[in-house]
1. Among (1) under 27 Å from residue 212 (Cβ atoms); (2) free of Cβ contacts under 8 Å to residues at least 40 places away in the same chain, where does residue 133 come up short?
2. Go through the residues of region 105-128 one by one and say whether even a single one is touching a Ser or Thr at 6+ places or on another chain (Cβ under 7 Å), of a type in the set (Ser, Thr, Tyr) and within 23 Å of residue 175 (Cβ to Cβ).
3. In region 104-139, what residues are crowded, with 18+ Cβ neighbours inside 10 Å, farther than 20 Å from residue 32 by Cα and not polar (S, T, N, Q)?
4. Has region 114-133 got at least one residue that is small (Gly, Ala, Ser), assigned to a helix (DSSP H, G or I), within 18 Å of residue 49 (Cα to Cα) and modelled with pLDDT of 95 or more?
5. Go over the candidates 180, 189, 154, 159 one by one and state the one that is of a type outside the set (Gly, Ala, Ser), touching a residue at least 24 places away in the same chain (Cβ under 8 Å) and more than 24 Å from residue 78 (Cβ to Cβ).
6. Tell me, which residue of region 32-61 that is hydroxyl-bearing (Ser, Thr, Tyr) and not in a helix (DSSP H, G or I) is surrounded by the fewest Cβ atoms within 10 Å (Cβ to Cβ)?
Amino acid sequence: MNIASRLDDAQDAGYGPCMNGEPSRTLFVLVACAFYMMILALSLGAAMLWPEAAGYQWVGSSSWSSTSWASSLWASSLYWGLGSGVFIAAGSALFATRSHAGRRLARMLGDALAGTPWWGVLSLAISAGLAEEALFRGTLWGLTRAVGGEWAALTATSLVFGAAHGFFRGRFLAWSVFALIAGFMLGGLRMVSGGMLAPVVAHVIVDAINIPVVMRLTRGERP
């Protein structure tokens, strides 16, 4: 799965800044969400067929539940997912506004997503968060952990996550590096919490904040 290639294909097909009209934008959102749902279905299918190797759970054993402000694993996973998502998104916003590479990346992504309605932004954020975390911090995490343990899972899934966002090449290099760093942070949530809920929540929050940010930055730079 190469997300950068899908951005290029979308722009070539007219789903980027040149697309006109609500139907085209609706089609773009529907195609993207369908792709993510396919990834999610494959991950869930692998978890059902090979639960010992590729299976995962939403929450796991964690010391978080013993803290006075978090009475359950579900609550603590939600809290940490929300906090981590806001933290990563804030770092992304600083990168996009304070560096040349970040501004160039924001323009590229903003152009590809230009005109996406609010419901499309939420749909993309939720579907991407669920599907990508199920694949990377779910299926691939379980497979690599079975072979090399937790730290191998953290390193391998973060590297693949970065590669999936541009293969560390050309104009997508900044995106790959950011995804690599985010991958380690999301993997850290997965490792410490023992489940999928915290990284999923964080990923959804990051996308729900970042997509409008890059769209707004791109719109502000246009004459």
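1. Residue 133 satisfies every listed condition except (2).
2. no
3. Within region 104-139, 137, 138 meet the criteria.
4. Yes, because at least one residue in region 114-133 is small (Gly, Ala, Ser), assigned to a helix (DSSP H, G or I), within 18 Å of residue 49 (Cα to Cα) and modelled with pLDDT of 95 or more.
5. Checking each option against the conditions leaves just 159.
6. My answer is 61.
The values are calculated or read from the model by the stated rules, or taken from the named source; none is laboratory data. This structure is a prediction, so every number in the text was calculated from the model and none was measured. Heads up, the Cβs are rebuilt from the backbone with ideal geometry, glycines too, and the neighbour counts pull from every protein chain shown.
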